[in-house]
Every structure is written in structure tokens, then in C-alpha cells.
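Where a number appears in this text, it was derived from the coordinates with a stated rule and is not lab data. Remember, predicted model here, so these are calculated numbers, not experimental data. Don't worry about glycine lacking a Cβ; one is built from the backbone with ideal geometry, like all the others, and counts go over all protein chains shown.
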Amino acid sequence: MPFQGQLGHARKVSAAEAAALVKSGMWLDWGFGLCQPDKFDAALAARKDELQAVKIRVCLSMRPRQVLECDPDGRHFQWFNWHFSGYDRKHHDAGRCNYIPMNFGEVPDWYRRFIDPCDILVLKTAPMDENGFFNFGMSSTYSYATAERARCIIVEVSEHAPVVFGEQSAIHVSHVDYIIDEGSDPLPELKNPPVSEIDRKIATLIAGEVEDGACLQIGIGGMPNAVCSMLKEAGVKDLGIHTEMLGDGLVDLIEAGLITNARKRVNPGKTVFTFAGGSRKLYDIIHRNQDIHVYPVDYTNLPHNIMQNDKVVSINNTTQIDLQGQAASESAGHRHISGTGGQLQFVRGAYASHGGKSFICMSSTYDKKGEPQSRIVSMLTPGNIVTTPRVDTMYVATEYGIVNLKGKSVSERATALISIAHPKFREQLERDARDKNIICKGFV
């Protein structure tokens, strides 16, 4: 699709000059994660009293945003978000953040087909290279598609941003209207949550299911990082990576020499991702690394692309699953926590891969006001959003085991899931299942 903006008119401006372009009622897009601007954010916040109902579309904020901090009532700046970080969640709890439901891999197409061109797109990028390109490869995702449709494009240059090779990972200066180059703070780092003993037990079970030559997609959190640690001890070899997020756990496998990507049918020899988030070490490793490539999310996350590699292993967390196999991974009742992201697409892509496996993981319980509650339930909490439907759920893992739901009747599914619930809740779960006719009469 041709770019909508003017060509050949890029000029350097201060963040304050760039923010002065914003008018009340405009739609702004700030992109994903590490690509969100900081200087522009602060300069726009300083104009708060001059503006009303400026709408800003973002995803996965990784540090506080000044436009939110300065405007608790949301009269000046309205926040629209594709996927919550902990910071975004806090503002949603306060009624300041609007969630946009999506399958992550579809978003570039949505920008091209369904979303009106934004008035101003602002992206943090690496400095312009010798060929005139600004690289946003640390968060490729839907950046290029957004730029194609934006009426005005501003890049905020960061000398700390890694340059990542790949497809649609940069924008040429001829498509840029304004350049902010005022220095920058180091990139925010995503702290890895501590790995619990339960995480290790689940990771050990999953690692035993990963074969030589498997192609990995691993989500965020202590459990996925524990899986990576267990894989280092499991002796598997020739692993590949085709993932949504590239985090520290997968980088540890690369450094350990377990990732060769040699058996991949698609992008052989290359680690493929659409956004990165983690430590400074991760950002340094992906910088100008010929073996690690970034692609837009409609390449990494669409099931018909995922399935082309053999033995795809998809590992993602959930917060609650019912006895029929519906996984609710993004909300706690009506309280939104994160987002759909790519979970469902990777579940489907892994299943369709030759020899592929998808795992939905969780601890068997969580604490609520000091009392343990079962994550496996006969009925989802009212308001909970189903992320992975029961017909798509394949393997489910807790610290008590792994079960495969494919091909099982509702009664068999319920029995299987009860077997990996915490022992304290199994009797009640079975009683509820029989009372609700989830487990049929006479079924043993």
C-alpha cells in the first residue's frame, strides 16, 4: 500500500515543536512497547491545558506515560490500548485506559482496512543509517502498516535502540515528516519475575515433551523462563525460534548453543520474532545480529505461517480454565488484565504444524485474600473473557501433570482436568461436574 503522507520534507524539530502540531480531537498512534516516544510524551503533556480529547492508540507501555500522569480525569488525553502492561492495567482500573480486543497477528490488516488514518504517528527509532532508514526493529509488530496510513509521521531518535534486520523493520526518511533528535534515556528493561518451585515443576513436565528440532514460541513470565532453563538441562538440540516475543529466556538458549534454526522450513538458520522485551543484554544481542530477524506481526503470528515449520511448540500462560477446556487468559472477571495477544493464533498454528504441540500452563491455585483458589473451575468467573476456546485447547499443564484434551468428550475432558487440579479441590470439582451434567451419569 502506498504511503499517505508527503514525501521528501523531513526536518528536525524539537519535541516541543512536534507536540505543537497536535490539535484537540486528533487521533495519535504511538506504536508498540519500546517504540513509544518519551520526549514527545513529555512535551505533549506540557500542553495539557491547551487540548481536549486527544486520542492516543498504544500497546504494552513499558514506562510511565506523562500524558496519563498529568491528566487523571482523562479530559485532555484518552488512552486506547491493544494489550496491557502492568502500568496500563493500573490506569484501566482507574477508568483511564480503553482496551481494544484483537488477535495480534491481524492488526496490520486492521490498520490497512478498518482503522481511519491517524493524524500523527510518533515512533521511537534507531538513528538514521547511511541509506536513510530509521529502524524500529525492536518492535516491528504493526509499525510499518500504521506508517503507510498515517497523515503525518514523526520519529524520535534513540541512540540506545538496537538495529534489527528483517522485513518492514525500518522506515525511509522520504516518508518521514519530522525528526526529534534530542538524546534519550536508556530503553526500559522488562524485569523477569522470579521462578517459583511450581514454575520449575511445570517446566520440567513441558521440557520432557520438547523434541530435537522443535521450533519454539514462548510467552512472558516466570514459567516460560523456567521452561527455557529446563530445556538447557534436557539435552535437546537443533531447536528453532519463531515467536511473537523474544525475551531473556530464549536468548539464554541462543547463548547456550541450543538454537540453530537448522531444521526450520521457514526462515531456516534465523531466529524470528516481532517484538523484544527484556534486559539490556537482550537488546545488545539482537543489535545488528545477522542470525536474528524481526518481522511484522502478520507474518509471525498468522497460523498459516506458524504451521509451516515442523514440531512447533507453543507455550503460554492462562489464569483460569473450566472443565470443558476454555482458557481465560486476559481478565479476572470484568477486570481486564492483559489481552488476547497471539495466544490463540499460536495455539492454532502449533496444532496445525507437523508434530506440533501447544501448551496452556498455570499453577493449580492462586491466593485470594490469603485463601487458595483453584484455577481449574467448573464454571468461569462471570465476566471472564475466553482467550482460547475449548475446541482449540490441546495440552494443559499444572504442577500436577499434563493432559491432552484433543479428541476427548466433555466428560473425559473434565476428568482429565480434575486429575491435574490441586488435590484439595478435586472432590468438589467432580461433584460440581456431575451436578451440572458436565460428567455424564454412569461415566467412571
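Computed values, structure above
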| quantity | calculated |
| --- | --- |
| Candidate aspartates and glutamates - alpha carbon under 20 Å from LYS23, same-chain residues fewer than 8 apart omitted | ASP38, ASP41, ASP49, GLU50, GLU69, ASP71, ASP73, ASP116, ASP119, GLU156, ASP177 |
| Karplus-derived HN-Hα couplings along the stretch 128-141 (A = 6.51, B = -1.76, C = 1.60, θ = phi - 60°), whole Hz, x at Gly and Pro | 4, 8, 5, 9, x, 9, 9, 8, 10, x, 5, 9, 5, 6 |
| Spacing of the two label points (7 Å from each Cα toward its C-beta) at ASP185 and ASP49, in nm | 2.5 |
| GNM flexibility winner over the chain from ILE254, ILE206, ILE154 (Cα, springs under 10 Å) | ILE254 |
| Modelled FRET efficiency - R0 41 Å, ASP129 with LYS237, Cβ distances, 0.05 increments | 0.70 |
| Prolate/oblate/rounded label for the stretch 168-218 (Cα gyration tensor, a/c 1.5) | oblate |
| Entries of LYS191/LYS264; LYS191/LYS270; LYS201/LYS441; LYS12/LYS90; LYS55/LYS90 with Cα pairs more than 24 Å apart | LYS191/LYS264; LYS191/LYS270; LYS201/LYS441; LYS12/LYS90 |
| Positive-end extreme of charge dipole, the chain - chosen from GLY137, HIS334, PRO117 (charges on Cβ) | HIS334 |
| Computed FRET value (nearest 0.05) for HIS160 with ILE100, which takes r as the C-beta separation and R₀ as 41 Å | 0.90 |
| Share antiparallel - DSSP beta bridges, the stretch 67-225, percent rounded to 5 | 20 |
| Sequence-distant aspartates and glutamates (8 or more away, or on other chains) whose Cα lies within less than 13 Å of LYS357 | GLU209, GLU211, ASP310, ASP392 |
| Net charge contributed by nearby residues that have their C-beta within less than 9 Å of GLY341 (K/R +1, D/E -1) | -2 |
| Stretchable slack from LYS406 to LYS441, in nm (0.36 nm times residue separation minus alpha-carbon distance) | 10.4 nm |
| Choice from LYS191, LYS369, LYS48 with maximal GNM fluctuation in the chain (Cα, 10 Å cutoff) | LYS369 |
| Shape call, the stretch 217-319: gyration tensor on alpha carbons, a/c limit 1.5 | rounded |
| Euclidean distance of C-alpha centroids, the stretch 370-434 and the stretch 289-345, integer Å | 19 |
| The stretch 67-165 shape via C-alpha gyration tensor axes, a/c threshold 1.5 | prolate |
| Zone of ASP284's modelled label, taken as backbone nitrogen in the stretch 247-269 under 18 Å from a point 7 Å along Cα→Cβ | 247-257 |
| DSSP bridge pairs, the chain: antiparallel proportion in percent, nearest 5 | 25 |
| Highest-MSF residue in the chain out of GLU156, GLU427, GLU412 [GNM, Cα springs under 10 Å] | GLU427 |
